[in-house]
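These notes concern the structure reproduced below.
The values are calculated or read from the model by the stated rules, or taken from the named source; none is laboratory data. The structure presented is a predicted model; accordingly, all values stated were derived computationally and were not measured. Quick reminder, even Gly has a Cβ in these numbers, built from the backbone with ideal geometry, and neighbours come from all protein chains shown.
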Amino acid sequence: MEKSDPEIVLEARHISKQFPGVLALDDVSLKVYAGKVNAIVGENGAGKSTLMNILSGVYPDYQGEVLLCGRPVRFSGTADAQRQGIAMIHQELNLIPYLDITQNIFLGREPLNNLGLIDHNKMKRETLDLLERLHFDESPESLINDLRPGQQQIVEIAKALSLNARVLIMDEPTSSLSEKEAGILFRLIRELLENKVGVVYITHKMDEITLLADYVTVLRDGCFIEACPLEQTSVDELVRKMVGRERKDFFTKKQRRPGKCMLEVRDLCLRDALHDGKYRLKDISFEVYSGEVLGIYGLMGAGRTDLMEALFGYYGRKLEGQVSIEGRQVQLNSTNTAVAEGLALIPEDRKSEGLILDMSIEQNTTLASLKDFLKYGLLSFKKERTKAEEMRSKLKVKSYSGQQLASQLSGGNQQKVVLSKWLLTNPKIILLDEPTRGIDIRSKNEIYELMDDLAGQGLAIVMVSSELPEILAVSDRIICLCEGRISGRFERDEFSGEALLKAALPDKA
Ligand SMILES: Nc1ncnc2c1ncn2[C@@H]1O[C@H](COP(=O)(O)OP(=O)(O)OP(=O)(O)O)[C@@H](O)[C@H]1O
Ligand SMILES: [Mg+2]
C-alpha cells in the first residue's frame, strides 16, 4: 500500500441531476482512485445508478463537472465515454436478446479486416478468450435469450472487459451470480487493480464491501453523505449513514403453528429437452402448509427456478408427477390455470417477466388482478388507484406519484412494484424467486415482515434464495436442491449454513 493518496482517475464535482419530479442527485462529489475498488452504497433510490449513468455518458445532461485524469470532460454519449476509457456494467441487463454472445459483446464496434468487412473470426476469438477468463462455458454463438439472468450478467461483464477501460463501473454485478461466479469476478477485479484500473462498485451486500472495497462513498436521498477509506469505517457505521438512523435489529420471525396442507407435490419430473435421458427436475416431492415459509436453497443451475416455473404452469403437459392444492389434484397446464388455482410467481428475471417499463407504477401494480377492478365490464379507475396506492405505501416504493413510469424507478423500487403486482392477485400460495435481489437492507426487512404477515394470514409461501442469512432467517423449513433433485431437508431446529451448503454441493464423496 502506498503512503500518499493514489492517483485519481475520475472525479465528479458537485453533480446535480433533475428528473421530472425528482432531484435524483443534489451536489454530489466522488473521487475514483486508480487501482482501487471505490464502493458506492446507499438505499434504493439514493442516486447511485444515476451518478454512474452520468459518469459513463448515458446522461449527457447534468449540472456540475466531471474530470478524467484531472482534465474536465463532458461525454456526449456512452460511445464517447467508452472511447475515453470508461466502461459500465449496468444493473439492468442491456443485451439484445436475439443476438448471440459475440454479437452482443462487439455491438456497434465490430472489428474490420483488411477488406473493410466485419472480422468474424477475430470477434469469435476474442469472445472465446473473454469467456475463458470468466470460466464461462458457453458457446460464443449462444443466443442471449437462451441464457439465464446470471449467465447474461457474465456476458455483460465480458462486454465491459473487452473495452479495456481505465475505469470500470459495476452496478450490482453479482445480484444474479452464483457464489462461484462471484468468486471468479472478484479474482478478475484483483487483476484489473494490478493494471491500475479504477473500479467503481455498487452493491447492497455488505460482505462484498468488506471483502473488496478500498474506499467507500455513501449517498442518501440524492445527497453525498460521506467518503472515506474502508479501514476508517465499519459496516454498522455505513448502514447507519445509509439509512440516516440507528440500524433496526434484524428481522425476527414470529412463531406459529402451520395449518392445513396447501400444496402437495409428488414425484415431479421434468425432462431435459436438449439432453436425452436427462432431467431438469427429478422425483421432487414436498408439501407446504398454510402459515409457513418453505425455503428452497441450491446453487445456480440446481433447478430452483425450473421448479418455481414448473409449479406455475410454464411447462404444461411436459411436467410429470402430481400436484395437489388444498387436497385436490390439479393439472397446472398453463400459467392461467396456475393463477386460477391461487398461485402467484414472483419471477427471478423481473425486468423481462415482471414489469412493463413504459406503464405507470399504478398500471403495473394492477396488471395481474385487473378482473378485480371490473364493474359491468368497465375498469374502475378509482378502485384501481386506491389499491395501487395502498401497495405503493406499504412497500415504500420511492416515487413521486403512482403515475410515475416504471422505467423511471431505481432498480430496487422496480422490484417492489413487481412484488406488489403479484400480492394483489390474492394468491393462496406465493412462489418467490430471489425476492430481495437488488433490494436495500432496510427494505429487505420490510419484505421479510410482509412475508411473515402473509404467512400469518394463512398463505403458504415458497421462497428461493441464494442468500444463506436470508433463507435461514425467513424459512420454517428448507429443502435443498442439487442437480434437479432434493438433496436435503431441514427443520428449523436443524438449520445451519454449513449443513445447507454441504447439501447444495454436488460430487459429495
Ligand atoms: N429516467 C428517470 N426519470 C425519472 N426519475 C428517475 C429516472 N431514473 C431514476 N430516477 C429517480 O432518481 C432517483 C435515484 O434513482 P437511482 O436509480 O439512481 O437509484 P439507485 O441508488 O441506483 O437505487 P437502487 O439501489 O434501487 O438501484 C429515484 O428516485 C428514481 O426514481
Ligand atoms: Mg441502481
Exercise for the section: Would you check which residues across the stretch 400-415 are within 8 Å of ligand 1 (Cβ to nearest atom) and either free of Cβ contacts under 8 Å to residues at least 40 places away in the same chain or over 25 Å from residue 448 (Cα atoms) (or both) and list them? Expected result: 404, 405, 407, 408
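Please list, ordered by residue number, the strands (runs of 3 or more DSSP E) wholly in the stretch 153-265 having 3 or more residues that are of a type in the set (Ser, Thr, Tyr) and more than 16 Å from ligand 2 (Cβ to nearest atom).
On the way: elements: 167-171, 198-202, 215-220, 223-229.
Per the criteria, no element qualifies.
Please state which one of 85, 70 is surrounded by fewer than 16 Cβ atoms within 10 Å (Cβ to Cβ) and more than 16 Å from ligand 2 (Cβ to nearest atom).
Working: 85 fails: surrounded by fewer than 16 Cβ atoms within 10 Å (Cβ to Cβ).
Going through 85, 70 in turn, just one is surrounded by fewer than 16 Cβ atoms within 10 Å (Cβ to Cβ) and more than 16 Å from ligand 2 (Cβ to nearest atom): 70.
For the stretch 306-318, state whether one or more residues are more than 24 Å from residue 481 (Cα to Cα) and under 27 Å from the mean Cα position of the chain (by Cα). Spell out the reasoning first.
Here is the first cut: in the stretch 306-318, the ones more than 24 Å from residue 481 (Cα to Cα) are none.
Within the stretch 306-318, none of the residues are more than 24 Å from residue 481 (Cα to Cα) and under 27 Å from the mean Cα position of the chain (by Cα).
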Exercise for the section: Can you work out which of the residues in the stretch 287-312 that are of a type outside the set (Asp, Glu) and in a loop (DSSP other than H, G, I, E, B) is nearest to residue 469 (Cα to Cα)? Expected result: 299
Practice task
Identify the residue in the stretch 85-103 that is under 17 Å from residue 11 (Cα atoms) and more than 16 Å from ligand 1 (Cβ to nearest atom) and, among all such residues, is farthest from the chain's Cα centre (by Cα).
Solution key: 85
Exercise for the section: Return the residue satisfying two criteria in turn: it lies in the stretch 281-322 and is closer than 20 Å to residue 149 by Cα and β-branched (Val, Ile, Thr), and of such residues it is surrounded by the fewest Cβ atoms within 10 Å (Cβ to Cβ). Expected result: 305
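Would you check if residue 35 is under 27 Å from residue 235 (Cβ atoms), in the same structural domain as residue 200 (by TED's automatic domain parsing), away from ligand 2 (no atom under 16 Å from the Cβ) and not in a strand (DSSP E or B)? Spell out the reasoning first.
Numbers: under 27 Å from residue 235 (Cβ atoms): yes; in the same structural domain as residue 200 (by TED's automatic domain parsing): yes; away from ligand 2 (no atom under 16 Å from the Cβ): yes; not in a strand (DSSP E or B): yes.
Considered against the rule, which asks whether it is under 27 Å from residue 235 (Cβ atoms), in the same structural domain as residue 200 (by TED's automatic domain parsing), away from ligand 2 (no atom under 16 Å from the Cβ) and not in a strand (DSSP E or B), residue 35 comes out as yes.
Scan the stretch 447-464 and tell me whether some residue there is among the aromatic types (Phe, Trp, Tyr), more than 29 Å from residue 282 (Cβ to Cβ), touching a helix residue (DSSP H, G or I) at 6+ places or on another chain (Cβ under 9 Å) and more than 16 Å from ligand 2 (Cβ to nearest atom). First the steps, then the outcome.
Step one: of the stretch 447-464, the residues among the aromatic types (Phe, Trp, Tyr) are 448.
After this cut, where a residue has to be more than 29 Å from residue 282 (Cβ to Cβ) as well, the list is 448.
Add one more test, that the residue is touching a helix residue (DSSP H, G or I) at 6+ places or on another chain (Cβ under 9 Å), and what stays is 448.
Those still in the list that are more than 16 Å from ligand 2 (Cβ to nearest atom) too: 448.
Within the stretch 447-464, one or more residues are among the aromatic types (Phe, Trp, Tyr), more than 29 Å from residue 282 (Cβ to Cβ), touching a helix residue (DSSP H, G or I) at 6+ places or on another chain (Cβ under 9 Å) and more than 16 Å from ligand 2 (Cβ to nearest atom).
For residues in the stretch 217-243 being farther than 26 Å from residue 399 by Cα and in contact (Cβ under 8 Å) with a residue 12 or more places away in the chain, which is farthest from ligand 1 (Cβ to nearest atom)?
The qualifying residue farthest from ligand 1 (Cβ to nearest atom) is 229.
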Exercise for the section: Would you please list the contacts, defined by Cβ atoms under 6 Å and residues six or more apart or on different chains, that run from a residue in the stretch 422-444 that is farther than 23 Å from residue 265 by Cα to a residue that is among the β-branched types (Val, Ile, Thr) and assigned to a loop (DSSP other than H, G, I, E, B)? Expected result: 444/436
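Being surrounded by fewer than 21 Cβ atoms within 10 Å (Cβ to Cβ) and within 16 Å of ligand 1 (Cβ to nearest atom) is the filter here; which residues of the stretch 12-28 pass it? Explain how you work it out, then say what you get.
The initial filter retains those residues of the stretch 12-28 that are surrounded by fewer than 21 Cβ atoms within 10 Å (Cβ to Cβ), namely 13-14, 16, 18-23, 26-27.
Hits for the stretch 12-28 are 16, 18, 19, 20, 21, 22, 23, 26, 27.
Return yes or no: is residue 47 closer than 22 Å to residue 408 by Cβ, among the small types (Gly, Ala, Ser) and more than 16 Å from ligand 2 (Cβ to nearest atom)? Show your work before the answer.
Details: closer than 22 Å to residue 408 by Cβ: yes; among the small types (Gly, Ala, Ser): yes; more than 16 Å from ligand 2 (Cβ to nearest atom): no.
No; evaluated as a whole, the condition is false for this residue.
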Handout entry: Boolean, residue 9 is crowded, with 21+ Cβ neighbours inside 10 Å, farther than 22 Å from residue 405 by Cβ, in contact (Cβ under 8 Å) with a residue 12 or more places away in the chain and more than 16 Å from ligand 2 (Cβ to nearest atom)
Key = yes
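Kindly indicate the residue of the stretch 357-413 that is among the polar types (S, T, N, Q) and within 16 Å of ligand 2 (Cβ to nearest atom) and also nearest to residue 435 (Cα to Cα) among those meeting that condition.
At the first step, the residues of the stretch 357-413 found to be among the polar types (S, T, N, Q) are 360, 363-366, 369, 380, 386, 393, 399, 401, 403-404, 407-408, 410, 413.
Then drop every residue that is not within 16 Å of ligand 2 (Cβ to nearest atom), which leaves 399, 404, 407-408, 410, 413.
Details: 399: 20, 404: 23, 407: 19, 408: 21, 410: 16, 413: 12 Å.
Among them, the one singled out is 413.
So is residue 186 more than 30 Å from residue 332 (Cβ to Cβ), surrounded by fewer than 18 Cβ atoms within 10 Å (Cβ to Cβ), among the aromatic types (Phe, Trp, Tyr) and without any contact (Cβ under 8 Å) to a residue 60 or more places away in the chain or not? Walk me through how you get there before you give the answer.
Values: more than 30 Å from residue 332 (Cβ to Cβ): yes; surrounded by fewer than 18 Cβ atoms within 10 Å (Cβ to Cβ): yes; among the aromatic types (Phe, Trp, Tyr): yes; without any contact (Cβ under 8 Å) to a residue 60 or more places away in the chain: yes.
The answer is yes for residue 186.
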Exercise for the section: Quick one: residue 82 ticks every box in (1) away from ligand 1 (no atom under 16 Å from the Cβ); (2) not in a helix (DSSP H, G or I) except a single one, so which number is it? Expected result: (2)
